[in-house]
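Working notes, beginning with the structure itself.
Readers should treat all values here as calculations from the given coordinates under stated rules, not as data from a laboratory. Being a predicted model, the structure only gives us computed values, none of them experimental. With ideal geometry, Cβ positions are generated from the backbone for all residues, glycine too; neighbour counts draw on all protein chains shown.
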Amino acid sequence: MASSSSRNGGTRGGSMRPISGANSSNLRSSSFKSRIPSSAPAPRRSSSGGDNGVPGRVRVAVRLRPRNADECVADADFADCVELQPELKRLKLRKNNWDTETYEFDEVLTESASQKRVYQVVAKPVVESVLEGYNGTVMAYGQTGTGKTFTLGRLGDEDTAARGIMVRSMEDIISGTSLDTDSISVSYLQLYMETIQDLLDPSNDNIAIVEDPKTGDVSLPGATHVEIRNQQNFLDLLHLGETHRVAANTKLNTESSRSHAILMVHVKRSVVEHEDSVSNETDNSSHFVRPSKPLVRRSKLVLVDLAGSERVHKSGSEGHMLEEAKSINLSLSALGKCINAIAENSPHVPLRDSKLTRLLRDSFGGTARTSLIVTIGPSPRHRGETTSTILFGQRAMKVENMLKIKEEFDYKSLSKKLEVQLDKVIAENERQLKAFDDDVERINQQAQNRISEVEKNFAEALEKEKLKCQMEYMESVKKLEEKLISNQRENGKRNGEVNGVVTASELAKLKESLEEEIKLRKAAEEEVNKLKSQSTLKTRSGEGEDAGISRLQKLLEDEALQKKKLEEEVTILRSQLVQLTFEADQMRRCLDRGAPGNSYSDTDSLPSRHSQARESVNGQKAPFATLCEQVGLQKILQLLESDDANIRIHAVKVVANLAAEAEANQEKIVEAGGLASLLMLLRSYEDETVRRVAAGAIANLAMNEVSQQLIVDQGGISLLSLTAADAEDPQTLRMVAGAIANLCGNDKLQARLWSDGGIKALLGMVRCGHPDVLAQVARGIANFAKCESRATTQGVKSGRSLLIEDGALPWIVQHANDEAAPIRRHIELALCHLAQHEVNAKEMISGGALWELVRISKECSREDIRSLAHRTLSSSPVFRSEIRRLGIHF
């Protein structure tokens, strides 16, 4: 991890070098806290709404941990890898026995530095700024086992001198505030495996981060906020939080923190501006005191105890601890990248790569006063980790924040002061009124009586109005209840007819109908057998009875036709029974979850939820597989050509569900001619439900290579293209786009796809604008570009890309940095494949794709795509020439 931190934090021009004597004075400071000049007034919010900020660089201190028992034994014959010069605020890092590097920090703390001194030089200036109304951050960074938690979170129960920064900060905050006018609240969290958990409420284990779209401020509304009244209350909360924090025993630390601990202290203070006195025009000796402006300053102190960076081969992490170490190292790497980008004034800061960087966005490059303490160990065995930690602190010293006070008018306090002043004026008037005679007293008494009468009348009128409102409210509630009951009955009836939500009685009726049909079928079969036997007897009796035989044959034909009709009806009733049983079970599950849900007959979500259809119910086979065994696939496919529209739609739904259940069903459907029937439905019918479900079934079949060839040979691409041009429903377009995207992944179908208009159909569907449709379009383009790149590499294809021929490049560039991750990932991959061939380079440069490729090589969240982009740009002479001409660094 140490090496990765150094790599992620390095400058673009090369690795960071130690400071020299010529510029060392630029990093030194006479005081760890950059104070606001006393002559300048405190910043105030201007009338136009802007804020006047005060610049403040991130202050960094380094603290050396003394050798532990293991290091005293293992490194007894070796000198420490660092040498401290606290009086010069310098640190020398020994690279070997004869070469050293010198670094300067704002403060250098030796292994003998007390906890009190560490607090005074690192955190106390930040705490004072928080009491003045600024946001503040104190963060500890370093290798695991170097004393971060000791420095920041030590409670000092046994030895008060060992108290850490958290405890001492709260002592100063409590002593600097008033319990009558000010308030203090605390939230204690941990970032564990990229999940924000509440240490004060373990059940709250997935807190969301909310960002203000106007100001960009980050908040955690789901976190527990506890108001602090005294120091003991705060210590009890820290004890509670420490018991819930995740820790483990590693080779480097017996109690290694496996999460980042974040303590947020919210301070609300009431302040008053200076009062102005105005002379009275009539009497120069008297003055009228203008009410002062009461203000409320809201500030926040964030104390961050980062989990230690570690190398797996040194810490011995394995299993779940290895996953924890990966998560810790990734978040620390993301933090290093952000600090490096801010220090170099990069146009883009990757704050969204980790939740840690999102939480600390105000601490680095924001409006908070930030102090960082980096902890290191003396052992030469960990020289690499120590070097990485020192370079992290050096980069952080380059970050410049713009400090701002967040204050607002305290209208409640102003109202109270105005009330007090009004009471004084009234009292003065009352003292003057006492000088009046009895007539004035009589008038006052009459006024009081009048007021009492008005209050009494008002109280009576108010009571009447209250009773009237209560009666109206009860009537309204009663009407609403009646309307609700009526709506529930209507919805129950409608859901039973439309969505297939059936009751037990309806299922019983269907079963009875099915049994009656089965009995009729058996009776018909017995009658047919009886007629056959009679016919045989009559045939033996002589050939003179030809007329009777003809009648018997006609009866046999009629019975056979009736038997066929009965078989169709039985097949339909069985499928309906299975469908309704499954839908009833689905609705029962939704009702058990307490949320109204659509029945399984909702064909809009069939293909997207095909995994649900694959699940067995109560350990039995999937309902549609059972239906297929009972009725027969061939009979179900025959119903696709039925003249009855309802039967045809129902059969399409059953085939679509069968295609979604398993790959074996897909092969059976293709072998039985189901693919041709589905294509016929796309060609012949304009019903939106039929086309949507048929397209979804074709998309499932298109995942099989044999089925893909059959779809193309039977004109499926042209049919899908026509459907894409005619349809407006986003779900239908998503099904069609998914089918074409699956076909785009077949190397053998590239030319046929292009010539039949498949690519143009994909690009035409972007008119919908629905994210799901755009994701399928992007997937198809990525598949096509990948196959095309492979064919060009193998020498099968030459010339520029067919995607560029069809005008896909502008849309690809436009959506290369789309907010939706599925769209962005596919488009980034498509750009990388298109750029692998020189014949496409010039058009990609003129179309703006070069800038997106450079961005992908730097910022893509996927390592494989980022490496592919970087390798493509490096290997192309055309791209390299253009990059040099534009002066781009990548």
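Take the Cβ atoms of S219 and A725, set R0 to 41 Å, and the FRET efficiency comes out at 0.30. When the Cα convex hull of the range 166-271 is projected onto planes of every orientation, the mean area is 8.5 nm².
Shown is the FRET efficiency for E344 and L322, computed with R0 = 30 Å from the Cβ-Cβ distance and rounded to the nearest 0.05: 0.35. Here each label is just a point 7 Å from Cα along the line to Cβ, and for D236 and E111 those points are 4.0 nm apart. Ranking N135, V121, Q190 by how far each Cα lies toward the positive end of the dipole of the range 92-213 (charges on Cβ) leaves V121 at the top. A full extension of the chain between E859 and D806 corresponds to an added length of 16.2 nm, given 0.36 nm per residue minus the alpha carbon distance. Derived value for the range 47-161: Kirkwood hydrodynamic radius 16.9 Å. Basis is the mean of 1/r over every pair of different alpha-carbon atoms. Overall shape: oblate for the range 680-836, with the ratio a/c of the largest to smallest alpha carbon gyration tensor axis at 1.5 or above and b/c at least equal to a/b. Among the listed pairs K92/K404; K92/K148; K214/K416; K786/K858; K530/K653; K293/K456, give every one whose C-alpha distance is greater than 28 Å. Result: K92/K404; K214/K416; K530/K653; K293/K456 exceed 28 Å.
For N646 and L514, the FRET efficiency from 1/(1 + (r/R0)^6), where r spans their Cβ atoms and R0 equals 25 Å, is about 0.90.
Ranked by the mean number of other Cβ atoms within 10 Å per residue, highest first, peptides 813-824, 690-701 order as 690-701, 813-824. Taking the Cα centre of the range 787-890 as origin and assigning +1 to Lys and Arg Cβ atoms and -1 to Asp and Glu Cβ atoms, the resulting dipole is close to 360 debye. The label point for V420 and the one for Q814, both projected 7 Å from the Cα toward the Cβ, are 6.4 nm apart. Of the GluC sites (Glu not before Pro) in the range 192-240, the ones in a loop by DSSP (not H, G, I, E or B) with at most 13 other beta carbons within 10 Å are E194. Segment A208..S175, full-extension length gain: 8.6 nm, with 0.36 nm per residue of separation and the alpha-carbon distance subtracted.
Net charge within 14 Å of I262 by Cβ-Cβ distance, Lys/Arg positive one each and Asp/Glu negative one each, not counting I262 itself? Result for the local shell: +1. Normalised by the number of residues in the range 702-772, the average gap of Cα pairs under 8 Å and 6 or more apart makes the relative contact order 40 percent. In plain terms, the chain from A523 to A427 could stretch by 23.8 nm, reckoned as 0.36 nm per residue minus the Cα-Cα distance.
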